[in-house]
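The values are calculated or read from the model by the stated rules, or taken from the named source; none is laboratory data. Keep in mind the model is a prediction, meaning the values are calculated, not measured. No Cβ is skipped: glycine too gets one built from the backbone with ideal geometry, and neighbour counts run over all protein chains shown. We work out accessible area using only protein heavy atoms, side chains counted, and drop any ligands, DNA or RNA first. Shrake-Rupley method; radii C 1.70, N 1.55, O 1.52, S 1.80 Å.
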Amino acid sequence: EMQLVESGGGWVEVGGSLRLSCSASGGSVSDYAMSWVRQGPGKRREGVAVITSDTTTYADSVKGRFTVSRDNAENTLALQMDSLKLEDTAMYYCAADPYYSSGGAFAVSSGGSDFGYWGQGTQVTVSS
């Protein structure tokens, strides 16, 4: 069974940066489609970034500011967040799926609704 643990969340001022990490066990991140999903207060769940074997997809709201990456040697997924805005405040979740075929665009638009494995989340709070 794939297990995911997020870390790196915290408080940051507008314009600052944070780097989130997702540590995986029970499976290799190189063999899974991996994603970051978030849910802010009073908002619906939304996909932030999805990385598959051959594509990387970002939500329009984070393009140019966030970068997702895999470190296969350490079996982790990272999300580098720069130029943070108030609207980035949310609980951020790591999700994985071993046989993903819906495509990155669908995963982003659906908030990773069909991903099979999820972490418990890490809170990111952006304030002025």
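Between Lys85 and Glu1, the simple spin-label model (points 7 angstrom out along Cα→Cβ) gives 3.8 nm.
Taking other residues whose beta carbon is less than 13 angstrom from the beta carbon of Ala95, and scoring Lys, Arg as +1 and Asp, Glu as -1, yields -2. Probing with 1.4 Å while keeping every protein chain in the model, the per residue accessible area of the chain equals 50 Å².
If you take all other residues with their beta carbon under 13 Å from the beta carbon of Gly16, and give Lys and Arg +1 and Asp and Glu -1, the sum is 0. Could you tell me which residue out of Met91, Thr76, Gly119 lies farthest along the dipole of the chain toward its positive end? Charges go on the beta carbon: Lys and Arg +1, Asp and Glu -1, centred on the Cα centre. Positive-end residue among those listed: Met91. Each label was represented as a point 7 Å from its Cα along the Cα-to-Cβ direction; for Gln123 and Asp54 these points are 4.2 nm apart. The distance from the alpha carbon centre of region 1-24 to that of region 89-106 is 15 Å, rounded to a whole number.
For the chain, what % of the accessible area comes from carbon and sulfur atoms, probe 1.4 Å?
Working: 2840 of 6350 Å².
Looking at the chain in its full context, I get 45 percent from C and S.
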